[in-house]
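For reference, the structure is listed below as C-alpha cells.
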Amino acid sequence: MTKKPTLGVLALQGAVREHLQMIERCGARGIPVKYPPELHLCQGLIIPGGESTTMGRLMTTYGFLEEIRALVGEGMPIYGTCAGMIMMARRLVEGDQPLLGLMDITVRRNAYGRQVDSFEADIPLRDIDEAERPFRAVFIRAPWIESVGPGVRVLGEFDGRAVLAVQDRMLVSAFHPELTGDDRIHRYFLRLVEERVAG
C-alpha cells in the first residue's frame, strides 16, 4: 500500500480547517503548518485565503517567505486560494506588500469588491476531472488574474477574467473550493503532488 502524501496548510489565517478536511477527503494526510520547520514534513503546501497584507507581514515575521521559495524552487507543489493566490503572484496591479513572487501572473486584489460583494458563480473548467460539469465557485472579496506569462495555463475563467491557473506544479484560484462540497480542484492539486513524489 502506498503511503499517503502529506499536504500542509499554512495556518496563519483563513479556512485552514476546511482545507484540511478537503485534503483528508481526497485520501491524503493534511497538517496545519504554523512554523517554517514544519514545511519539511510536507510533500505539498496550500496557502489559504485571509487578508493578504496581514498574511505577507506574518510570513515575513515568521521567516516563511524564504523557506517556501526555496522548497518550491526544489519542486515542491504549492496551491494558493484567494489571498494565497495574491501571495504567489510576481506582480500586483495596486498595493505594496511582501509577496512570494513565484508565479508569472499579475493579480488585482479585491477585484470583485468588498466582503459584502461576495458571491457564488458556476465557472467552466479545463483539464480538471469532469470538466463538462461547471464548478460552483465561492468568491469572497476575491482577486482576479489580470495577465499571465507564457508558462501559465488558465484552467478557469469568470466574466472573461482568469480565476484558476497552473504553472509547473503551482496552482492558484481566486475563489475558495474548500468552502464547497466539490473536491475536484483539490484532487487536481493532489495529482501534482503525487507526480512529484513519484519522480
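What to note about this one:
- Scanning the range 18-29 for residues that are within 15 Å of the chain's Cα centre (by Cα) and not hydrophobic (A, V, I, L, M, F, W, C) yields E18, H19.
- Taking residues in the range 179-199 that are touching a residue at least 40 places away in the same chain (Cβ under 8 Å) and in a helix (DSSP H, G or I), and partners anywhere that are acidic (D, E) and open to solvent by 30 Å² or more (accessible area, probe 1.4 Å), the pairs with Cβ atoms closer than 7 Å and at least 6 places apart or on different chains are L179/E18; R184/D129; R184/E130; R187/D129.
- The listed residues are D129, D122, D168, and the only one of them that is open to solvent by 30 Å² or more (accessible area, probe 1.4 Å), on the phi > 0 side of the Ramachandran plot and among the charged types (D, E, K, R) turns out to be D168.
- Matching option when the condition is assigned to a strand (DSSP E or B), touching a Phe, Trp or Tyr at 6+ places or on another chain (Cβ under 6 Å) and closer than 17 Å to G80 by Cα, among V138, V154, V107: V138
- Residue check, V172 within 25 Å of G8 (Cα to Cα) and touching a helix residue (DSSP H, G or I) at 6+ places or on another chain (Cβ under 7 Å): yes
- Within the range 157-164, the presence of a residue that is farther than 14 Å from V107 by Cα and surrounded by 23 or more Cβ atoms within 10 Å (Cβ to Cβ) is excluded.
- For the range 142-151, the set of residues classified as in a strand (DSSP E or B) and either open to solvent by 30 Å² or more (accessible area, probe 1.4 Å) or at positive phi (or both) consists of W144, E146, S147, V148, listed by residue number.
The values are calculated or read from the model by the stated rules, or taken from the named source; none is laboratory data. This structure is a prediction, so every number in the text was calculated from the model and none was measured. Here the Cβ is made from the backbone with ideal geometry for all residues, glycine too, and neighbour counts use every protein chain on show. With ligands, DNA and RNA removed, areas are computed over all heavy atoms of the protein, side chains included. Shrake-Rupley method; radii C 1.70, N 1.55, O 1.52, S 1.80 Å.
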